[in-house]
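The next block holds one structure in the form of C-alpha cells; read it before the comments.
The values are calculated or read from the model by the stated rules, or taken from the named source; none is laboratory data. Everything quoted here is computed from the prediction, not taken from an experiment. Note that we place each Cβ from the backbone using ideal geometry, even for glycine, and neighbour counts take in every protein chain shown.
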Amino acid sequence: MTVQMLIPGVLRDLAGGRGTLSIDVPADANVEQVFARVLADYPALHRRIRDEQGRIRRHVNVFLEEENLRRSRLEQVPVPPGSRIHVLPCISGG
C-alpha cells in the first residue's frame with residue numbers, strides 16, 4: 001500500500017525537493033512503519049522530524065489526515081489505505 005507524506009516548503013530540500021512523498025508500506029502498516037521507511041529513504045528529513053530518542057521533535061506537528069499525533073504512540077496508530085500524513089514544523093520569530 002502507498003501512503004502520502006506531505007512535506008512543507010521549509011523541509012523539501014531534505015526530501016529531494018519534493019512536496020509529496022509516496023511511501024510504500026505493508027497493508028497493515030502503522031505510522032511508526034511509515035517513519036521507518038522515511039528514515040531509510042530520507043535520513044536527513046527524518047532527523048528534522050524526530051529526535052535522537054525517536055520522538056517527534058517538540059516543534060514539529062504530525063497529522064494523519066486531521067488527527068494530531070502529538071500524544072500518540074506511533075506504533076499503535078494504523079494507517080488506512082490512501083491516507084496522507086502531514087508534517088508541519090512550527091515557525092516562530094520575533
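Annotations
- Answer from GLY17, GLY9 - the residue that is on the phi > 0 side of the Ramachandran plot and either out of contact with any Pro (no Cβ under 8 Å at 6 or more places or on another chain) or among the hydrophobic types (A, V, I, L, M, F, W, C) (or both): GLY17
- If the condition is being buried (at least 18 other Cβ atoms within 10 Å of the Cβ) and over 17 Å from PRO78 (Cα atoms), then region 1-11 contributes ILE7, LEU11.
- Top-ranked residue in region 24-61 [being more than 16 Å from THR2 (Cα to Cα) and among the small types (Gly, Ala, Ser); ranked as modelled with the highest pLDDT]: ALA44
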